[in-house]
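*Asks:* For reference, the structure I am asking about is given below.
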Amino acid sequence: MAEPTLGRRLAEFAAGATYDTLPEAVTDSVRKRVLDVIGLCVAAHRLPTSAAIVGYVRDQGGAPQAHVVGGGAPVPAALAALANGVLAHSLDYDDTHLPSVLHPSAPVIPAALAAAELAGASGRDTIRAIAVGLEVCVRLGMAGYDPEAGNSTFFEHGQHATSICGTMGGAVAAALLFGLPAEGVLDSLGLAASTASGIIEGNRTGGTVKRLHCGWAAHAAVTSADLVRRGFTGPPTVIEGRFGFFEAFLHGHYEAGEITRGLGSEWAVPGIFFKPYPANHFTHAAIDAAMGLRAQGLDPHRVERLTLGVPAPVIRTIGQPIEAKRTPETGYQAQFSGPYAVAAGLLGGGGLGLGLADFTDELARDPLRRELMAKVDVVPDERATEIFPHQFPAVLRARDADGREWRQEVLANRGGPDRPLSAEELALKFRDNAAGRLSAATADAVAELAGRLEEAGEVGELLRLVAVFEPEPSALSPEPSALSPQPGARSPEP
């Protein structure tokens with residue numbers, strides 16, 4: 001008998017998984033990620049691109065099947081997935097898997113929620129589908145990770161691994177929610193591979209298109225599974241075939257063992273990193289290090305010099321050109337600035353240490369922050385480079401006006417398995433994101449329902465709670481945005 005194809009292995013794993021066979025760590029992780037994504041979707045309504053995608057979706061018309069967060073009346077499921085996927089990824093606040101550097105929840109969860117609403121699926125079935133979809137997404141991403149280069153081969157080819165692998169994982173989740181058997185899951189992978197896309201040139205030269213990627217992935221995922229249940233089919237060798245997924249995206253250079261090793265018994269889902277701060281993930285350890293120096297007693301008004309040591313590969317994202325990184329003009333640019341991360345960490349903030357309110361245009365140009373940023377050098381640190389990309393470490397050194405030397409190292413990122421965020425911290429992040437758009441009572445109801453999602457008879461109950469905002473800030477009109485990129489602004493991963 002011929003060896004099963006990689007696609008069939010994934011499809012059989014997906015179809016064979018049940019809610020009752022999922023480890024508690026996986027189901028708990030999924031519940032928390034659903035709440036996290038909903039909060040991100042709510043918060044993203046401050047962006048002009050969010051108004052654009054919701055307006056676009058509403059203009060398409062069609063059957064009322066699923067809800068957009070903050071979008072009002074239901075729309076076709078694939079279009080709901082499109083809008084919610086855009087919202088989920090737009091603030092650079094969504095979770096990250098390392099070392100693949102994927103953001104799995106932003107494409108997979110919006111696809112699953114839309115399919116679940118359309119299918120009238122229960123909370124248990126939705127948790128199961130999301131868990132499997134996230135796992136497929138991560139395993140495909142890891143198959144394209146090059147350990148020698150310490151980077152994703154997808155990225156080296158200019159491809160956005162998140163949206164490409166997210167389409168595949170989202171399609172698996174949608175197929176399960178539509179009740180398709182293993183053969184249908186395999187066909188859904190086959191269709192999804194032909195619709196997966198995303199190039200990251202915008203990371204270099206600007207534009208807001210990266211915000212679209214996870215939405216397009218979720219849209220393609222739901223569409224692929226929906227077409228399969230209507231009769232479309234895909235190739236059984238879609239993954240490793242001569243003209244399959246890995247040849248097309250990775251030019252045939254991949255590690256198949258990352259897909260099959262421990263499939264069904266070892267789960268990557270609980271180890272996906274939550275983001276505690278709304279900024280490029282490369283800056284997070286710098287924020288923690290600065291807050292650590294402040295806790296030690298360093299007075300930011302008496303700082304004379306700051307040296308931020310980071311992995312060599314991340315300097316081009318958060319430390320170059322240094323003149324620009326020391327003088328961000330917008331809150332969005334500040335999200336990708338090592339010097340700003342240090343200054344903000346030293347001066348305090350909201351949320352879990354720094355929140356969305358800490359990344360405004362006004363604070364990016366704040367004289368005291370500018371004064372501190374001017375004193376920050378961003379340099380390669382050998383130990384941090386050795387650990388990267390399994391963590392994004394930082395070592396911060398300071399000298400004060402008395403000549404005293406200060407030092408704080410952060411070798412493991414907050415929000416990951418080594419420093420997990422508590423349920424209380426994730427709830428605080430959600431409420432911070434929901435503030436001003438959901439009433440306290442509604443936010444509490446959303447958090448409570450997400451926390452017992454497995455008890456829901458149908459998932460639409462959760463989405464209906466966030467379909468219309470209250471108090472009413474004109475749900476579809478963007479606020480002046482601290483996080484809106486200016487022309488030519490870069491939006492790098494992760």
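The values are calculated or read from the model by the stated rules, or taken from the named source; none is laboratory data. Bear in mind that the values here come from a model prediction, so they are computed numbers and not experimental data. Counting neighbours? That spans all protein chains shown, and the Cβs are built from the backbone with ideal geometry, glycine included. For accessibility, only protein heavy atoms count, side chains too; no ligands or nucleic acids. Shrake-Rupley method; radii C 1.70, N 1.55, O 1.52, S 1.80 Å.
*Asks:* Residues being closer than 20 Å to P48 by Cα and among the hydroxyl-bearing types (S, T, Y): count how many of those fall in region 200-231.
*Replies:* So the count comes out to 2.
*Asks:* I need every pair where a residue in region 186-208 that is more than 15 Å from I164 (Cα to Cα) and small (G, A, S) has its Cβ under 8 Å from the Cβ of a residue that is open to solvent by 30 Å² or more (accessible area, probe 1.4 Å) and in a loop (DSSP other than H, G, I, E, B), sequence separation at least 6 or different chains.
*Replies:* Final answer for the pair search is G202/T208; G202/V209; G202/R490; G206/P487; G206/G488; G206/R490.
*Asks:* Now for a separate question. Can you find even one residue in region 338-346 that is open to solvent by 50 Å² or more (accessible area, probe 1.4 Å), touching a residue at least 40 places away in the same chain (Cβ under 8 Å) and either under 26 Å from G207 (Cβ atoms) or among the small types (G, A, S) (or both)?
*Replies:* No: region 338-346 contains no residue that is open to solvent by 50 Å² or more (accessible area, probe 1.4 Å), touching a residue at least 40 places away in the same chain (Cβ under 8 Å) and either under 26 Å from G207 (Cβ atoms) or among the small types (G, A, S) (or both).
*Asks:* Can you tell me which residue among E183, E148 is at pLDDT below 95 and either in a strand (DSSP E or B) or over 20 Å from the mean Cα position of the chain (by Cα) (or both)? Break it down stepwise before answering.
*Replies:* Numbers: E183 fails: at pLDDT below 95.
None of the other options fit; the residue is E148.
*Asks:* Which pairs turn up if I take residues in region 1-29 that are within 13 Å of I127 (Cα to Cα) and look for partners that are basic (K, R) with beta carbon separation below 8 Å, at least 6 apart in sequence or on another chain?
*Replies:* Sorted first by the residue in region 1-29, then by its partner, the pairs are A17/R128; T18/R128; Y19/R124; Y19/R128; L22/R128.
*Asks:* Could you check how many residues of region 156-171 are crowded, with 24+ Cβ neighbours inside 10 Å and over 24 Å from Y93 (Cα atoms)? Reasoning before the result, please.
*Replies:* So in region 156-171, the residues crowded, with 24+ Cβ neighbours inside 10 Å come out as 160-171.
Those left that are additionally over 24 Å from Y93 (Cα atoms): none.
The qualifying residues number 0.
*Asks:* Which residue pairs have Cβ atoms under 6 Å apart, sit 6 or more places apart or on different chains, and have a first residue in region 291-317 that is without any contact (Cβ under 8 Å) to a residue 60 or more places away in the chain and a second that is open to solvent by less than 20 Å² (accessible area, probe 1.4 Å)?
*Replies:* These pairs meet every condition: R294/L346.
*Asks:* On the basis of being outside any helix (DSSP H, G or I), at pLDDT below 95 and either surrounded by 17 or more Cβ atoms within 10 Å (Cβ to Cβ) or of a type in the set (S, T, Y) (or both), does T233 make the cut?
*Replies:* On the way: outside any helix (DSSP H, G or I): yes; at pLDDT below 95: no; either surrounded by 17 or more Cβ atoms within 10 Å (Cβ to Cβ) or of a type in the set (S, T, Y) (or both): yes.
Judged against the criteria, T233 is not a match.
*Asks:* Is it true that R305 is more than 21 Å from A173 (Cα to Cα), at pLDDT 95 or above and assigned to a loop (DSSP other than H, G, I, E, B)? So that I can check it myself, show each step before the final result.
*Replies:* Values: more than 21 Å from A173 (Cα to Cα): yes; at pLDDT 95 or above: yes; assigned to a loop (DSSP other than H, G, I, E, B): no.
When the stated conditions are applied, R305 does not pass them.
*Asks:* Test each condition in (1) crowded, with 24+ Cβ neighbours inside 10 Å; (2) in a helix (DSSP H, G or I) for A248 and report the one that comes out false.
*Replies:* Every condition holds for A248 apart from (1).
*Asks:* Checking Q333 against (1) at pLDDT below 95; (2) open to solvent by less than 50 Å² (accessible area, probe 1.4 Å), only one condition comes out false. Which one?
*Replies:* Just one mismatch for Q333, condition (2).
*Asks:* So which helices (runs of 4 or more DSSP H) stay within region 400-494 end to end and still have 1 or more residues that are at pLDDT 95 or above and closer than 27 Å to K325 by Cβ? Walk me through how you get there before you give the answer.
*Replies:* Numbers: elements: 423-434, 440-451, 460-465.
Where helices (runs of 4 or more DSSP H) fall fully within region 400-494 and carry at least 1 residues being at pLDDT 95 or above and closer than 27 Å to K325 by Cβ, they are 423-434.
*Asks:* For region 1-97, give me every one of the helices (runs of 4 or more DSSP H) that falls completely inside it and has 3 or more residues that are open to solvent by less than 20 Å² (accessible area, probe 1.4 Å) and over 30 Å from G262 (Cα atoms). Let's see the steps before the verdict.
*Replies:* Working: elements: 6-16, 24-43, 48-60, 77-89.
It comes to 24-43, 48-60, 77-89.
*Asks:* Sticking with this one: Scan region 98-128 for residues that are in a loop (DSSP other than H, G, I, E, B) and buried (at least 24 other Cβ atoms within 10 Å of the Cβ) and jot them down. Reasoning before the result, please.
*Replies:* Pass one, region 98-128, residues in a loop (DSSP other than H, G, I, E, B): 98-101, 103-104, 120-122.
Matches in region 98-128: S100, H103, P104, A121.
*Asks:* Please state which one of V101, V108 is out of contact with any Phe, Trp or Tyr (no Cβ under 8 Å at 6 or more places or on another chain), over 14 Å from V26 (Cα atoms) and of a type outside the set (D, E, K, R).
*Replies:* On the way: V101 fails: out of contact with any Phe, Trp or Tyr (no Cβ under 8 Å at 6 or more places or on another chain).
Criteria check complete, one pass: V108.
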